[in-house]
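Heads up, the thing below is written out as structure tokens.
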Amino acid sequence: QARADIDRKVRDTVEGLLADIEARGDAAVRDLSVMFDGWDREDYRLTPAEIQDCIDQLSGQDLKDIEFAQAQVRNFAQIQRDSMHEVEVETLPGVVLGHQHIPVNGAGCYVPGGKYPLLASAHMSVITAKVAGVPRVITCAPPFDGHPAPAIVAAQAMAGADEIYALGGIQAIGAMAIGTASIAPVDILVGPGNAFVAEAKRQLFGRVGIDLFAGPTETMVIADDSVDGEICATDLLGQAEHGPDSPAILITNSRKLALDTMREVERLLEILPTAPIARQAWDTHGEVIVCDSYEEMLSVADDYANEHVQVMTRDPDYFLANMTNYGALFLGPRTNVAFGDKVIGTNHTLPTRKAARYTGGLWVGKFLKTCTYQRVTTDAASAMIGEYCSRLCALEGFAGHGEQANVRVRRYGGRNVPYAGAAAPLENV
């Protein structure tokens, strides 16, 4: 009941604030920015000079590291885009069908930064949209310690954002989706955020597209006794630091590993700088599940449909071949979720709360509309398809649809068929 009450409060708050943005535009956005972030500007879009100032605040090594990460994200996004082929095929003599992948005209990318400046979210959203071919990509990130976060701004600019705004929360999501006098609306919203950001995206879905419905970060470790408790505990707590409501789950077929991991968790929580948050997450949402076999581990993992699944077993490919519900897999002890979150090249915007049952994460395809077309190139084909269409329309009682077919049969097939509403449909051919 407590969770339901919290969800209802978030829902009601977001609904009211979005209505305010709809009604008052930039004035509402400014009021909300002042209220929530203590941040007031005449124009929330950063100027080229401000962007360059943020870039100049980073060291040469910082910039090289961002460039490396962005190169990996761009490379894999391009590989994904290249795998998506346009189609045109003659399915029957004189009948040509096809599809094209058309990018949306505008994308709005939210980059969280209230608690931590999550510059990796800039790579994941902006670069992916640009590789998809989106002509206008705008970004919003909240101020950090009373100023635009230099690392986030630099990452947004280096990723290729066309407009960069220092705006956070509901006001950013509302401005990008609804539009104001100073911010033109976009066609799709992407990027992670807190509960209010997620709820704003949910309420705006339909008015704009969204990437997915995101909740708290989830991590799952599937392990056997080929690894030890330290690495399992490290990978669990490495994600639990996201927030006190972030689930961290170990699934293993080794009771010894389960006990060792729990001991290591307690040891690490004494020394981890983010332990106060990770401790809350572990105490409230941590789980250790001991199974009898790989098959049972697989069944449990698929039922959880977790966002991040780290597999450290003797045969990780068994899970790659058989798991069906996950956001992203991290196979073997040499990789980990942090690699995926920050630098390796796969996208870190992933489904949570069992959404992995029906969607994957953010990728170039999210910014593309696969749109079909058809072409009929011969009279004979038009008349032949028309005869089938006429009879099928009559089965449904759609006289106007039927006449669209009949006029083609008369013109291109030389058959003097009656109007669809005046007589029985074409006899069987």
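Only the coordinates and a few stated rules stand behind these numbers; no lab work does. The model shown is predicted, which means the values in this text are computed figures rather than measured ones. Here the Cβ positions follow ideal geometry from the backbone for every residue, glycine too, while neighbour counts run over all protein chains shown.
Laid out as a table, the results:
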read-out	value
Which of 85, 166, 271, positive extreme of dipole for the chain (C-beta unit charges)	85
Cβ-defined net charge surrounding residue 348, 10 Å radius [Lys, Arg +1; Asp, Glu -1]	-1
Percent breakdown of C-alpha pair distances by 5 Å bin, ordered from the shortest bin, for the stretch 88-192	2, 13, 23, 20, 15, 7, 4, 4, 4, 3, 2, 1, 0, 0
Reference-scaled alpha-carbon Rg (2.2 N^0.38 Å with N residues) for the stretch 23-98	2.05
Selected from 417, 215, 122, residue furthest toward positive end of dipole (the chain; charges at beta carbon)	417
log₁₀ of I(q)/I(0) at q = 0.17 Å⁻¹ - the stretch 150-250, Debye sum with one point per alpha carbon	-0.88
Euclidean distance of C-alpha centroids, the stretch 340-393 and the stretch 273-320, integer Å	33 Å
Dmax and Rg, reported as Rg then Dmax, of the stretch 1-137 (C-alpha, Å)	21.5, 66
Total charge dipole magnitude, the chain, about the Cα centre, Cβ charges on Lys, Arg, Asp, Glu only, Debye to nearest 20	1440 debye
Normalised contact order of the chain, rounded percent, pairs of Cα under 8 Å and 6 or more residues apart	17 percent
Gap separating the Cα centres of the stretch 171-208 and the stretch 1-22, nearest whole Å	15 Å
Sorted largest first, extent of the chain alpha carbons per principal axis (Å)	88, 62, 48
P(r) of the stretch 277-317 over all Cα-Cα pairs, binned every 10 Å from zero, in whole percent	22, 51, 24, 3
Rg and Dmax of the stretch 335-394, Cα atoms only, in Å	22.6, 60
Considering only the chain, percent of DSSP beta bridges that pair antiparallel, nearest 5	35 percent
Cβ-based charge dipole, the chain, positive-most Cα from 373, 205, 355	373
Partner lysines for residue 342 [C-alpha distance under 29 Å; skip if fewer than 8 residues away on the same chain]	64, 115, 130, 201, 354, 366, 369
Ratio of the Cα radius of gyration of the stretch 247-405 to 2.2 N^0.38 Å, where N counts its residues	1.70
At most 11 other Cβ within 10 Å, DSSP loop - chymotrypsin sites (Phe, Trp or Tyr not before Pro), the stretch 266-333	none
